[in-house]
Amino acid sequence: MSVAVVFSGQGNQHPAMLPWLGDDASMATLGSRLGVPDWRAALADPAWARMNAHAQVLITTTGLAAWSQIASRLMSASIAIDGVAGYSVGELAACAAAGVIDAEDAMKFAAQRATFMDEASRSLAGGLCGVTGIAAADVEAVLLGTSVSIAIRNGDDSVVIGGPLGGDALDAVEAALAARGARCTRLAVSVASHTPLMRSAAQAFGNALSTAGLRAPTLPLFDSDANRVWTADQARAGLAHQIDHTVRWDEVMDQLAARGPSCVLEIGGGQALARLWQQRHPSIPARSADEFRTLDGVLAWIERSAP
């Protein structure tokens, strides 16, 4: 019996997420990190929730707190971890889960990452848009000659595009794609993550990571280019690289599927990654920890998923 674990990215956090999540040392400091007395109440304000400085720290902290509680139960039940990966900022939590960095450092890096990305967007505001119902190759054809690029590849007909805001950039590309029959959904993020607009942020984050005491992973870890991470240097390079380069999540899912897990568990708010997995690899069950009311429910589902 085994499970692959994927950590959610930004955009699906909500006040009722992970209802079974208990308090631990990291959760006890989350309010002070974010400057609010109650993080769940704060998430009820959409403007507050979408700010990088809030979202990236919250996603990393809650993801790692949930992982800490799940991991001990998996060990007790002799359930193996087939692989770990993280979607966008979720890669920080994945690295911590795999032993590359401590949880405290992951939360610190999440705050730095958000700051660098916000600074990069001050000179040119950007955004992201999910595009489905049209082949990725057709999306690329529309993007030729524009300042918009593919930020994330989720599937053969599912991508996220990113670029500058305004009528002559992201808005114009959305209109062109919609005219071709695509469904376009603007995401609740305030920067064009994983695009060249974030180049200065990637460089700054790389510099911050260069002096960090990272370690080789103790679990099978995959970066956003779908590469198996074997060393601390590879993890360091991957965390910086993904900020201004396309996340190849479709290939990450393929790499995890090739390892033959009994099931896949998403950790974070919402069920976006579980749904993407079900679309691409329906023979391997996937659910999000956010769907369960109790931790016992999470573990019982994993145990039932064994062939």
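Laboratory data are not the source of any read-out in this text; all were calculated from the coordinates shown. Since we're looking at a predicted model, the values are computed, not measured. Positions of Cβ are backbone-derived with ideal geometry, glycine not excepted, and every protein chain shown enters the neighbour counts.
Need one number: % antiparallel among DSSP beta bridges in the chain, to the nearest 5.
In the chain, approximately 50 percent of DSSP beta bridges are antiparallel ones.
Output the relative contact order of the chain, whole-number percent, from Cα pairs under 8 angstrom with separation of 6+ residues. Spell out each step's value before the answer.
Working: 631 pairs, mean separation 78.0, N = 307.
That works out to 25 percent.
Once all Cα-Cα distances of region 61-156 are split into 10 Å bins that start at 0, what whole-number percent is in each one?
12, 31, 28, 22, 7, 0
Using the per-residue mean of other Cβ atoms lying within 10 Å as a proxy for protection, in what order, highest first, do the peptides 37-44, 109-116, 182-189, 87-94 fall?
The most tightly packed comes first, giving 87-94, 109-116, 182-189, 37-44.
In angstroms, what radius of gyration and Dmax does region 118-249 have, counting Cα atoms only?
Cα only, region 118-249: 16.0, 50 Å (Rg, Dmax).
Amide H of Ser158 versus every other amide H placed in the peptide plane: which residues, excluding those fewer than 5 positions away on the same chain, fall under 5 Å?
Placed amide hydrogens put Ala136 under 5 Å from Ser158.
In what sequence, highest mean first, do 247-258, 192-203 appear when ranked by Cβ atoms within 10 angstrom?
Top to bottom by mean Cβ count within 10 Å: 192-203, 247-258.
Would you please report the Å³ per residue occupied by the convex hull of the alpha carbon atoms in region 17-72? Don't jump to the answer; show the numbers that get you there.
Values: hull volume 4.0 nm³, N = 56.
Dividing the Cα hull volume of region 17-72 by its residue count gives 71 Å³.
Compute from the Cα atoms of the chain the Rg and the Dmax, the latter being the longest Cα-Cα distance, and quote both in angstrom.
18.4, 56
Sum -39500 (n - 2.57) across every DSSP H segment of at least 4 residues in the chain, then divide by the residue count to get the 222 nm mean residue ellipticity, nearest 500.
The helix contribution divided over the chain gives -13500 deg cm²/dmol.
Using a cut-off of 11 Å between beta-carbons, work out the net charge of the residues near Gly130 (Lys and Arg +1, Asp and Glu -1, Gly130 not included). Numbers along the way, then the final one.
On the way: positive: Arg183, Arg186; negative: Glu174.
Combined, the nearby Lys, Arg, Asp and Glu give +1.
Rounded to the nearest 10 degrees, what's the angle between the helix 295-304 long axis and the longest principal axis of the chain, both from Cα atoms, 0 to 90?
Roughly 90 degrees, rounded to the nearest 10.
Excluding Asp244 itself, calculate the net charge of residues whose Cβ lies under 13 Å from the Cβ of Asp244, where each Lys or Arg counts +1 and each Asp or Glu counts -1.
Surrounding charge for Asp244 is +1.
Report the local net charge at Val57: Lys and Arg +1, Asp and Glu -1, summed over other residues whose C-beta lies under 10 Å from its C-beta. Don't skip to the answer; put the middle values down first.
Numbers: positive: Arg33, Lys108, Arg113; negative: none.
Overall, the nearby charge balance is +3.
Report Rg (one decimal) and Dmax (nearest whole number) for region 126-186, counting Cα atoms only, units Å.
For region 126-186, the Cα-based Rg and Dmax read 9.8, 27 Å.
Using 0.36 nm per residue, how much length does the chain from Thr218 to Ala188 gain when fully extended, once their Cα-Cα distance is taken away?
On the way: separation 30, 0.36 × 30 = 10.80 nm, distance 3.37 nm.
Extra length available between Thr218 and Ala188 comes to 7.4 nm.
Translational diffusion coefficient, Stokes-Einstein: compute it for region 171-246 using the Kirkwood radius over C-alpha pairs as Rh, at 10 °C and 1.306 mPa s, and state it as an integer in µm² s⁻¹.
D, rounded to a whole number, is 109 µm²/s.
Can you work out D for region 209-294 in µm² s⁻¹ from Stokes-Einstein, where Rh is the Kirkwood radius over C-alpha pairs, the temperature is 25 °C and the viscosity is 0.890 mPa s?
172
Over 18 Å, how big is the tail of the calculated P(r) for region 216-262, in percent of all Cα pairs?
In whole percent, the share of Cα-Cα pairs in region 216-262 beyond 18 Å is 28.
Compute the long axis of helix 103-121 from its Cα atoms, compare it with the longest principal axis of the Cα atoms of the chain, and write down the angle in degrees, 0 to 90, nearest 10.
Approximately 10 degrees, to the nearest 10.
For region 1-47, just the Cα atoms, rotate onto the principal axes and tell me the three extents in Å, largest first.
Its Cα atoms span 41, 25, 17 Å along the three principal axes.
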